[in-house]
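Notes for the one structure printed next.
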Amino acid sequence: MREPFDAVIVGSGAGGGMTALVLASKGLRVLMLEAGRHYDPYAETPMFTPNRDAPLRGIGTPDKEFGYFDATADGGWEIPGEPYRSASGSEFMWWRSRMLGGRTNHWARNSFRMGPYDFKPHTRDGFGVDWPVSYDDVAPWYDKTETIAGVYGSNDGLENHPDSSPGVLHKPPAPRVGELYIQAACRDLGIPCVPARRAVLTRPIDNRSACFYATGCGRGCSIGAAFQTTTSLLPMALQTGNLTIVTDAMVYEVRVNDKGRAEGVGYVDRKTGKHEAAFGRSVVLAASAGETARILLNSKSPGFPNGVANSSGQVGRNLMDTVGAAMRAQFPLLENRPTYNEDGAMGLHLYIPFWLYKEQARGELDFPRSYHYELGADGRTEPDMGMGGIAGFAGSYGKQLKQDMRRYYGSFLSFVCRGEMIPNAGSYCEIDPDTKDKWGIPTLRFHFKWSEHELNMVRHFQSATKEIIERMGGRLQSGDEPPKQVISKGGEIIHEVGTTRMGDDPETSVTNQYGQTWDVKNLFITDGGVFASKAHKNPTLTIMALAWRSSDYLAEQLGKRSL
Amino acid sequence: MTDNNGSLRVDRRTTIKWLAATMAAAYTGCSSDDRYLGDEIPARNGASRLGIAADHDGIAYGGDPDRMNPVVPWARTMTEAQLRTTAAFCDIILPEDERSPAASTVGVPDFIDEWVSAPYLQQQQDRASILPGLEWLEQQARERFGSSFASATEQQKTEVVDAIAGSSAARAELADKAEFFRRFRYLAVGAFYTTETGIEDIGYIGNVPLSGEYPGPSEEAMTHLAGVLKRLGLPLPA
């Protein structure tokens, strides 16, 4: 494909989608290569279809791990013909999507801003590294990203949880019974419980409708209320006439010429198995933290014996995921409660942000970083096979069971920990010397370890949660085992970041603050790989804000012909 | 591994690989049974009163099924006699009452057949427990009452089920049958409460588009919550 592209972008998810829109809007000619198939959310989203219409009532199977109706096409923890491995002693899970829009088609839409402490963690506690940017540097792009994506929430003036500029946020939906119940107990205990922030519209934007409070966001959203690039950034970018999208194009290398400049990428056409190439004045990798690292490490040449942009040796290192844990409880006072439509925005309305920064700064906690709670809206949600769990709780059968089901349905709530991991030397990915994918491209091997920092955080979460449950008069059902047993597996929360981190020093980082690789001036990275730390806040919003900021810089450099 | 219907066939090696993935994903609500369970089911050994279920055909729906027009691509495998026992057992677990009909009237037995006929490992594990479990129910009814389980009286059926229902009821030698009971109940309840009938019974009233803002809890629900909080000495959040 020898066309005069200004940029070749690899990936169509949060980072790639934003990069494409920013560059195409500035009149640059953009080629986007997506490894997966074309996907049309307007035609392919099973809105409202009840679970009973799907095989096995829609439960997860090895074919569709998040359930039959999950938006993910041709993806999941395992993809036939595209293996990866965990090194011995490690267990890492890698969720990949092979579809236009990538994982944005099914994500939870939780969109929390990183705060001032999150960008300078080393300064605050001496662990990890600082980012080359501060919160104030990124704040304008957060406002712009929230405006274009559409995020509901409120400004609560909380420490390290920045407010958005006036008028940016959409009005959050009214809290439901379970959330109000938790909020009441939290207020009594001095714990904040405030409106969550999710990329779900509660007022229309352009041709995207406001949420109509039904049918799970994980299926995708054909009315465009729940943000995904396939109903927003990509159609907008295509409208400029400057974007060409090629799907089923599995990029495996960045081609660098003898002057050390990227001239394009090599890819496999997944439909034909043929090797192809695409060329441009710049290359932007947004293939996901794992896939981008794999592409760089597989791009070996005499000038780059350890892979492109890897003179620091940091490509693949500093792999992080969110710390996950969960506790569930049953609340006798919620039994037999009145019914009402509790679907809401099909996700968090309220959440608990981290509230102990002052105690932490005084050295009163045994973990240096923070976490937040996502509150399980498993109240009176649409019945699925999980109803069987209520029967197990009741322990009865016959007419008694039917009465018990009515009594207990809607009396369970769950508390989910989402915490920050500190990068460690034992967590990284590398090229597996023994395994290749079905096209012969070397694949990844993951190493992953939690440290005491994360385990102590989980222990704190458990004790705080028990306090909340006790104040609510609840009965703990699960999640109180030792932290090592309840902590999520690496990658399981699907927030993997850090493998091509940005920094101020070419010796210890892969890119500068604009995602521009130190080694190859016209090669940029705009996915989660550039994260220098992994705040407890879900990464997608920050990926998009940074992608926008980096793309502004890239466009400026292309305009000056300085690459 | 795609057959001419476009569905995927799952060989045993794939199934074993999936077991690892299933364990890794740690599904909630699924019992993790790490015994190896293949195509051979224990019911094949010894006398069979309910007949032998057909082998599952191994047809899976694959990683990119048509979500707009869902179909179950694999064939059902249970015998008529197994389905009769299944229906009777379903109705002992979820009988008719003043609010909703018995489970067998809304397709729950057919769902159990769909489940145990699926090619995936979790379902094949359940198959290896459920088919012998049904056989055990039948055997008990024959030995104790000289009738099939399906045609036994309510009281007789309850007597058989009581031996395996509840943790205290199950004697050690019936531990696997107690697990069969719990798993069967899990599936029957999930199947029942996902039907229109079950949803109406349980009182779920969502999955409908609303115009305007989400209204939040009804007045009745708020009054109830205020009462709950009052009992705990907590004010209702403003």
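Just so you know, all these numbers are worked out from the coordinates, no wet-lab data involved. Fair warning: this is a prediction, and the values are worked out from it, not measured in the lab. Note that each Cβ is placed from the backbone with ideal geometry, even for glycine, and that neighbours are counted across all protein chains shown.
Give the distance, in whole Å, between the Cα centre of the range B:51-124 and the Cα centre of the range A:79-155.
If you average the Cα positions of each part, the centres end up 41 Å apart.
What average count of beta carbons from other chains do you get within 10 Å of the Cβ of residues in B:176-188? Write out the running numbers ahead of the final one.
Working: counts 0, 0, 0, 0, 0, 1, 4, 2, 2, 8, 8, 5, 4.
That average works out to 3.
Filter the cross-link list A:Lys449/A:Lys534; A:Lys64/A:Lys436; A:Lys259/A:Lys300; A:Lys271/A:Lys438; A:Lys120/A:Lys358; A:Lys436/A:Lys534 down to pairs whose alpha-carbon distance in this structure exceeds 18 Å. Please list the in-between numbers first.
Values: A:Lys449/A:Lys534 15 Å; A:Lys64/A:Lys436 24 Å; A:Lys259/A:Lys300 15 Å; A:Lys271/A:Lys438 12 Å; A:Lys120/A:Lys358 16 Å; A:Lys436/A:Lys534 30 Å.
Pairs exceeding 18 Å: A:Lys64/A:Lys436; A:Lys436/A:Lys534.
Let me confirm one metric for peptide A:340-351, namely the mean number of other chain beta-carbon atoms within 10 Å of its residues' beta-carbons. The partial results should precede the final answer.
Working: counts 12, 11, 8, 8, 5, 1, 1, 0, 0, 2, 1, 0.
Partner-chain Cβ atoms within 10 Å, mean over residues of A:340-351: 4.
Only bridges whose two residues both fall in the protein assembly as shown count here: according to DSSP, what percent of them are antiparallel, nearest 5? Walk me through the intermediate numbers first.
Values: 52 of 73 bridges.
For the protein assembly as shown, the DSSP antiparallel bridge percentage is about 70.
Using the reciprocal of the averaged 1/r over all distinct C-alpha pairs, how large is the Kirkwood radius of the range A:97-151 in Å? Before the final figure, lay out the partial values.
Details: mean 1/r = 0.0749 Å⁻¹.
Hydrodynamic radius (Kirkwood, Cα only) of the range A:97-151 equals 13.3 Å.
To the nearest 0.05, how large is the calculated FRET efficiency for A:Ser134 and A:Asp206 if R₀ is 35 Å and r is the Cβ-Cβ distance?
Numbers: r = 32 Å, r/R0 = 0.92.
Between A:Ser134 and A:Asp206 the formula returns 0.65.
Under 14 Å Cα to Cα from A:Lys466, which aspartates and glutamates show up? Leave out anything in the same chain fewer than 8 places away.
A:Asp480, A:Glu481
Could you compute the net charge surrounding A:Lys534? Neighbours are other residues with a C-beta less than 15 Å from the C-beta of A:Lys534; K and R count +1, D and E count -1. Walk me through the numbers on the way to the answer.
Numbers: positive: A:Arg113, A:Lys120, A:Arg124, A:Arg317, A:Arg369, A:Arg418, A:Lys449, A:Arg501, A:Lys537; negative: A:Asp118, A:Asp125, A:Asp130, A:Asp321, A:Glu420, A:Glu454, A:Glu492, A:Glu496, A:Asp527.
Result for the neighbourhood of A:Lys534: 0.
So how strong a dipole does chain A carry about its Cα centre when Lys and Arg Cβ are +1 and Asp and Glu Cβ are -1, to the nearest 20 debye? Working shown, then result.
On the way: 62 positive and 65 negative charges, 151 e Å.
Around 720 debye, computed over chain A.
Going Cα to Cα from A:Lys144, which lysines come in below 19 Å? Please leave out same-chain ones fewer than 8 positions away.
Output for A:Lys144: A:Lys26, A:Lys171, A:Lys537.
Counting other C-beta atoms within 10 Å, which of A:Arg270, A:Arg37, B:Arg144 has the fewest, and how do the rest follow? List each step's numbers first, then the result.
Values: A:Arg270 20, A:Arg37 15, B:Arg144 12.
With the fewest neighbours first, A:Arg270, A:Arg37, B:Arg144 line up as B:Arg144, A:Arg37, A:Arg270.
Place a label point 7 angstrom from the Cα of A:Val246 along the Cα-to-Cβ direction, then list the residues of the range A:521-560 whose backbone nitrogen is under 19 Å away.
Residues A:523-524 fall inside that zone.
At 7 Å along the Cα-to-beta-carbon direction for both A:Glu556 and A:Glu159, put a label point, then send me their distance in nm to one decimal.
Going from the A:Glu556 label point to the A:Glu159 one covers 3.5 nm.
If r is the Cβ-Cβ distance from B:Asp110 to A:Ala277 and R0 is 45 Å, what FRET efficiency results, to the nearest 0.05?
Details: r = 53 Å, r/R0 = 1.18.
Efficiency for this residue pair is about 0.25.
In what order do A:Cys193, A:Cys429 fall by count of nearby beta-carbon atoms within 10 Å, going from fewest to most?
Placing the least packed residue first, the sequence is A:Cys193, A:Cys429.
Taking the alpha-carbon distance from A:Lys399 and a cut-off under 23 Å, which lysines remain once sequence neighbours fewer than 8 residues away in the same chain are dropped?
By straight Cα distance, A:Lys399 reaches B:Lys157, B:Lys177.
What nm value, rounded to one decimal, do you get for the distance between A:Ser463 and B:Glu200 when each label is placed 7 Å out toward the C-beta?
Each label point is offset 7 Å from its Cα along the Cβ direction, giving 5.2 nm.
Run the numbers for A:Asp258 and A:Ala43: contour at 0.36 nm per residue of separation, minus the present Cα-Cα distance, in nm. If you can, show how the numbers build up before the last one.
Working: separation 215, 0.36 × 215 = 77.40 nm, distance 4.61 nm.
Extra length available between A:Asp258 and A:Ala43 comes to 72.8 nm.
Nothing charged except the Cβ atoms of Lys and Arg (+1) and of Asp and Glu (-1): what's the magnitude of the dipole of the range A:45-95 about its Cα centre? Round to the nearest 20 debye. Let's see the in-between values first.
Working: 4 positive and 8 negative charges, 36 e Å.
Once rounded to the nearest 20, the dipole reads 180 debye.
Hey, if you put +1 on the Cβ of every Lys and Arg and -1 on every Asp and Glu Cβ in chain A, which of A:Ala286, A:Met457, A:Gly515 ends up farthest toward the positive end of that dipole?
So the residue furthest toward the plus end is A:Ala286.
Suppose every K and R has +1 on its Cβ and every D and E has -1 on its Cβ; what is the size of the dipole of the range B:67-192 about the Cα centre, in Debye to the nearest 20? Mind showing how you got there, number by number?
On the way: 13 positive and 18 negative charges, 61 e Å.
Rounded to the nearest 20 debye, it is 300 debye.
In what sequence, highest mean first, do A:117-128, A:535-546, A:356-367, B:63-74 appear when ranked by Cβ atoms within 10 angstrom? Please list the in-between numbers first.
Values: A:117-128: 18.1, A:535-546: 26.8, A:356-367: 13.5, B:63-74: 16.5.
Answer by packing, highest mean first, reads A:535-546, A:117-128, B:63-74, A:356-367.
What ranking of A:Lys171, A:Lys26 emerges when the number of other C-beta atoms within 10 Å of each C-beta is taken as an exposure proxy, fewest first?
Values: A:Lys171 14, A:Lys26 18.
In order of increasing Cβ crowding within 10 Å: A:Lys171, A:Lys26.
Give me the one-decimal nm value for the distance between modelled label points at B:Glu173 and B:Met222, 7 Å along each residue's Cα-to-Cβ direction.
Each label point lies 7 Å from its Cα, and together they span 6.2 nm.
Using the 4.7 Å Cβ rule, please list in number order the cysteines from chain A without any candidate partner.
So far as the 4.7 Å Cβ criterion goes, A:Cys211, A:Cys217, A:Cys221, A:Cys417, A:Cys429 stand without a partner in chain A.
Count, for each residue of A:432-438, the Cβ atoms from other chains sitting within 10 Å of its Cβ, then give me the mean as a whole number.
Values: counts 0, 0, 0, 0, 0, 0, 0.
Average neighbour count from other chains, rounded to a whole number: 0.
If r is the Cβ-Cβ distance from A:Glu507 to A:Arg85 and R0 is 35 Å, what FRET efficiency results, to the nearest 0.05?
Details: r = 30 Å, r/R0 = 0.85.
That pair, A:Glu507 with A:Arg85, gives E of 0.75.
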